[in-house]
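Where a number appears in this text, it was derived from the coordinates with a stated rule and is not lab data. Computed from a prediction, not measured in an experiment: that's the story for all the values here. Please note: Cβ atoms are built from the backbone with ideal geometry, for glycine as well, and neighbour counts cover all protein chains shown.
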Amino acid sequence: MPTTVLITLGSSKQAKHLIPVLLAQPNERYHIKAFCHSLTTGTRLLHEYGQPHNLSIVVGDQNNPREVAKVFQNEHVDIVYHISPPFSVDETHNGINFIKAARQAGVRHFVYSSVLHPIRKKMIHHHAKLDVEEYLTESGLNYTVLQPTHFFQNIKVQDAVGAGSLKVPYNPDNEMGFVDLRDVSEVAFKVIEEGPKHYRARYELVGDNQPYSVIAQTIASVSGKEVVTERVEAGPVAKIMSKGDKDAEIRANLMLVYYDMWGLTGSTNILEWMLGRKPTTAQEYVAFALGK
């Protein structure tokens with residue numbers, strides 16, 4: 001019988017890297033249930049992966065505890081991989097909804113994709129994840145917490161080459177931690193596959209620490225084109241990130257102000273231990289993004 005994994009934000013960047021890894025396992029060893037907020041999103045997701053037999057969608061609202069609980073009542077779930085919508089004012093509430101429902105259903109393993117340093121509570125969305133981690137720790141579930149930093153995939157490498165500039169809405173000389181989503185999905189699969197070895201563990205996932213000014217130099221070096229950092233206003237960037245949600249805009253603004261003052265860095269040791277190799281560096285990711 002295949003192991004059923006519920007991914008709670010099926011259309012997210014993380015899910016789009018993890019789902020192919022699970023689908024690639026022999027003999028359809030995993031059945032993936034992708035939780036989507038609408039049938040349209042779910043149908044698009046199924047078509048994106050060629051409608052495999054071991055991928056199905058579950059439509060519901062993360063904010064609604066009854067809808068979340070219903071998923072576990074109607075579907076068999078072995079493992080939950082929980083991802084929250086970014087900057088959501090309901091992030092803590094959503095996490096608790098899934099933890100409660102998973103506990104009631106006797107789920108074997110709850111994997112929570114949190115964030116690097118949720119203890120940096122000046123950023124509201126970090127604090128929200130800290131509250132979810134606390135609730136999960138006290139839930140009695142077998143859990144693992146992954147704490148990834150910024151995804152390299154958020155850097156628009158091709159656009160930077162085309163424009164000759166890498167736009168940054170805070171001090172581009174502040175060091176930032178980055179991680180490749182391919183590395184994150186490799187670790188996530190290892191945690192899912194090995195289960196009990198990772199119960200009650202927290203893993204910070206950082207692949208490289210670099211300021212954007214150095215990343216711009218790296219893009220220039222790899223592409224052979226001039227690329228410099230361009231400091232832009234934080235407010236308009238936060239508005240774009242929030243997609244019209246005022247609460248999300250506040251959270252995004254606070255994050256950008258925080259980065260301007262402190263940056264966000266962490267140790268690469270844990271990711272290296274988990275991968276059994278050096279994590280992807282900025283140089284390697286830029287080369288990959290440019291097809292080098």
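The table below gives the values:
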quantity	calculated
For region 1-124: rounded, prolate or oblate by the Cα gyration tensor [a/c cutoff 1.5]	prolate
Expected 222 nm ellipticity per residue - DSSP helices of 4 or more, -39500 (n - 2.57), all of the chain, to 500	-14000 deg cm²/dmol
Residues residue 29 and residue 61, FRET efficiency given R0 of 45 Å [Cβ-Cβ distance, rounded to 0.05]	0.90
Charged-residue dipole, Cβ positions (Lys, Arg, Asp, Glu), region 43-185 about Cα centre, Debye nearest 20	140 debye
Among 87, 255, 168 the positive-end extreme of the charge dipole of the chain (Cβ point charges)	87
Using a Förster distance of 30 Å, the FRET efficiency for residue 41-residue 200 (Cβ separation, nearest 0.05)	0.35
Net charge dipole size for the chain [Lys, Arg +1 and Asp, Glu -1 on Cβ; Debye, nearest 20]	300 debye
Spin-label pair residue 142/residue 283, simplified geometry with 7 Å Cα→Cβ offset, distance in nm	4.1 nm
Distance in nm between pseudo-label sites at residue 226 and residue 70 (7 Å out along the Cβ direction from Cα)	5.9 nm
